[in-house]
Amino acid sequence: MEVTPLSPDVVQGSVETFRTLLRFNTVNPPGNERPLIDWVADQLTAAGIESTILESAPGRANLVARLKGGSEPAIVLTGHVDVVAVEPEHWSVDPFAAEEKDGWIYGRGAVDMKHHVAMCITVFLELARRRNALNRDVILLLVADEEAGSRYGMRWMVENHADLFEAGYGLNEFGGFNIPLPGNRRAWLVQTAERGFCWFRLRAHGQPGHGSLPPADSAVEKLTAAIQRLCHADLPYHLTPAAQAYLDGLARAMGPLGFVPKLLKNRWTEGFALRLFPDPEQANAVRASLHNTAVPTVIRSGEKTNVVPGTAEVEIDGRYLPGFTEEQFLDEVRQVVGDGFDIDVIESGPPAETTLHTPLLDQIHEVMNERTGGEPVVPWMLIGFSDTKWLQTVGIQTYGFSPIRFPDDTRFTRLPHGHDERAPRDGYEWGVETLWQTVARFCTR
């Protein structure tokens with residue numbers, strides 16, 4: 001079904017919505033998402049749309065709104081509104097001023113993920129304004145706390161209020177953007193899977209004593225040796241169905257160089273194939289789709305310089321592939337670090353995987369084919385995590401599709417959580433039209 005494009009005024013209004021969202025300081029912790037959520041609720045009220053705000057804790061607000069439609073399975077447009085901390089001294093602009101400079105809009109959360117939230121608000125309001133007959137309900141779901149594990153956001157909503165957003169499909173963050181490929185080629189990623197996360201403490205024990213006497217049994221020495229083993233030994237290679245779909249898509253997209261991702265499908269040629277990628281960051285991201293990973297991040301031991309501590313511990317950011325359980329992942333870690341350590345899980349969440357055969361994904365392919373001139377769209381496994389994993393637990397088939405077009409020389413991996421986080425204005429404008437065409441066609445055909 002043909003859908004009339006957004007008017008220039010609506011696109012300009014969407015950009016202003018994006019910049020307004022960036023001006024809310026929702027650094028998590030503490031989050032303090034309530035003022036932003038109240039602002040969104042006011043915009044919905046002005047358009048005659050009711051919304052429900054639910055607080056999981058004081059200031060930790062989540063919002064649900066619904067447009068009623070036909071009997072087809074509903075679709076959720078969702079995003080988190082919290083952001084990670086900033087180091088303002090390393091920014092060239094105020095991280096919360098939404099400054100536009102040289103065609104880029106700067107601000108913490110510009111790509112993770114207030115651009116998508118602004119696009120979802122725009123699409124939702126435009127569907128309501130046009131009053132086209134919808135074949136399904138359309139739900140706007142904005143949540144808190146994704147950056148800290150979702151305990152006050154999507155996870156809490158799923159555990160306590162899932163009845164408010166029952167749906168068959170969802171669109172969330174991390175997908176719909178372009179990546180450069182060798183040979184002056186380009187591909188567009190759509191997230192169809194993501195790794196689980198397991199944050200845990202690894203603790204070593206030893207003989208305490210006076211710092212003047214080197215101990216024969218040192219907790220610090222044991223722990224540092226275990227950290228060295230984790231840093232220098234890969235966890236085992238695994239070619240999961242999600243990774244295979246990603247590599248097959250890359251192979252098609254890379255044309256004559258498609259043999260490179262094909263080599264990645266064999267553990268014996270993986271290392272050689274990764275060295276053929278011109279961008280080391282891209283190679284590292286591809287590698288992470290083939291391995292569970294455990295990265296030491298926080299080390300603690302002792303309180304006084306002259307006291308040998310009896311314990312030493314490190315916090316580790318663990319990520320594991322679809323098809324694996326948390327315990328299987330921890331068993332791989334134990335195989336590397338050896339015996340004699342305590343492992344305490346701090347926080348965890350399961351992997352997620354969405355089928356590659358749904359009407360929504362077909363719709364994404366149709367629109368992207370038109371909007372990119374036929375450039376390849378590749379199913380992708382997010383190596384981090386998003387709220388998609390919680391939506392999947394209640395049966396909502398969710399894709400990462402927050403379309404935005406970057407200049408081909410952009411190092412995308414350096415933008416989320418990075419200094420001077422920013423989004424290209426023209427790429428945003430391209431993206432909001434792309435999301436509009438996708439959702440409007442899916443909900444009105």
In degrees rounded to 10, the 0-90 angle between helix 359-372 Cα long axis and the longest Cα principal axis of the chain is 80 degrees
If the chain between Thr325 and Val298 were fully extended at 0.36 nm per residue, the gain over the current Cα-Cα distance would be 7.3 nm
Between the Cα axis of helix 241-253 and the main Cα principal axis of the chain, the angle (0 to 90°, nearest 10) is 60 degrees
Gyration tensor on Cα atoms of region 394-445, a ≥ b ≥ c root eigenvalues, a/c under 1.5 rounded, else prolate if a/b beats b/c, else oblate, says oblate
By the C-alpha gyration tensor axes a ≥ b ≥ c (rounded if a/c is under 1.5, else prolate when a/b exceeds b/c, else oblate), the shape of the chain is prolate
Per the C-alpha gyration tensor (a ≥ b ≥ c, the square roots of its eigenvalues), region 90-179 is rounded if a/c is under 1.5, else prolate if a/b beats b/c, else oblate; here it's oblate
Listed with the fewest Cβ neighbours within 10 Å leading, Asp248, Asp163 appear as Asp163, Asp248
In degrees rounded to 10, the 0-90 angle between helix 425-444 Cα long axis and the longest Cα principal axis of the chain is 70 degrees
What helix-only [θ] at 222 nm does the chain give? Using -39500 (n - 2.57) per DSSP H run of at least 4, over all residues, to the nearest 500, the answer is -10500 deg cm²/dmol
Filtered hits (lysines, Cα-Cα < 26 Å from Lys101, offset >= 8 within chain) -> Lys114
Given unit charges at Cβ for Lys, Arg (+) and Asp, Glu (-), the dipole magnitude of the chain about its Cα centre in debye, nearest 20, is 740 debye
Counting only DSSP loop positions in region 271-362, the trypsin sites (Lys or Arg not before Pro) whose Cβ has at most 16 other Cβ atoms within 10 Å are Arg275, Lys304
Rounded to 0.05, the calculated FRET efficiency for the beta carbons of Arg23 and Arg445 at R₀ = 45 Å is 0.75
Straight-line reach check, Lys222, cutoff 14 Å on alpha carbons, 8 or more apart in-chain or any other chain, hits among aspartates and glutamates -> Glu313, Asp339, Asp342
Subtracting the Cα-Cα distance of Val307 and Gln12 from 0.36 nm times their residue separation yields 100.0 nm
Computed for region 195-348: size of charge dipole around the Cα centre, +1 on C-beta of each Lys and Arg, -1 on C-beta of each Asp and Glu, debye to nearest 20, value 540 debye
Ordered by number, the GluC sites (Glu not before Pro) in region 1-95 that occupy a DSSP loop and have at most 15 other Cβ atoms within 10 Å are Glu2, Glu50
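Only the coordinates and a few stated rules stand behind these numbers; no lab work does. Quantities reported herein were computed from a predicted structural model and do not represent experimental measurements. So basically every Cβ, Gly included, is an ideal-geometry build from the backbone, and we count neighbours across all protein chains shown.
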